[in-house]
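Asker: Before anything else, here's the structure in question.
Bear in mind these aren't lab numbers, they're just calculated from the coordinates by the rules spelled out. Computed from a prediction, not measured in an experiment: that's the story for all the values here. Cβ sites come from the backbone with ideal geometry, for glycine too, and all protein chains shown count toward neighbours.
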Amino acid sequence: MPTEEAKAGAHPTGRFRVDPSPSAGAIVDRPVDRSLTDLIVESYEGERDEAGRFTGPAVVAFAGGHKYRGSFLDGMMHGDGTYTWCDGVTYTGTFALNKVGRLAVYALV
């Protein structure tokens with residue numbers, strides 16, 4: 001449940017959900033992988049756009065030990081990146097609005 005500050009549009013700190021809704025009007029016809037949008041962010045190193053969404057190259061640590069190093073657009077993983085699950089499996093390839101691309105390399109580290 002969002003806090004009153006989050007409902008008012010304040011930028012959350014600490015643990016929060018990656019929420020594509022601020023730009024939902026721009027992506028209404030594009031599929032979004034809900035399993036990637038529902039991740040809880042524990043730390044984020046990167047830039048934010050004027051709306052406070054993640055943008056550009058960044059490094060993110062998610063709850064459960066998952067990690068992402070790559071590009072963001074409108075608060076979503078978009079462009080080239082590497083997603084590492086807590087069990088060591090990695091996906092390296094292209095993301096499109098939090099959805100993994102078709103051509104990629106999966107590996108067990």
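Asker: I need the phi-derived Karplus couplings for the range 48-60: 6.51 cos²θ - 1.76 cosθ + 1.60, θ = phi - 60°, integer Hz, Gly and Pro marked x.
Answerer: 10, 7, 5, 8, x, 7, 4, 8, x, x, 7, 10, 10
Asker: What's the FRET efficiency of ILE40 with ARG102 using the Cβ-Cβ distance as r and R₀ = 25 Å, to the nearest 0.05? Don't skip to the end; give the middle numbers.
Answerer: Details: r = 27 Å, r/R0 = 1.09.
FRET efficiency, ILE40 to ARG102: 0.40.
Asker: Taking amide hydrogens as modeled 1.01 Å from N in the peptide plane, which residues meet the under 5 Å criterion relative to ASP80, leaving out close sequence neighbours?
Answerer: HN-HN under 5 Å from ASP80: SER71, PHE95.
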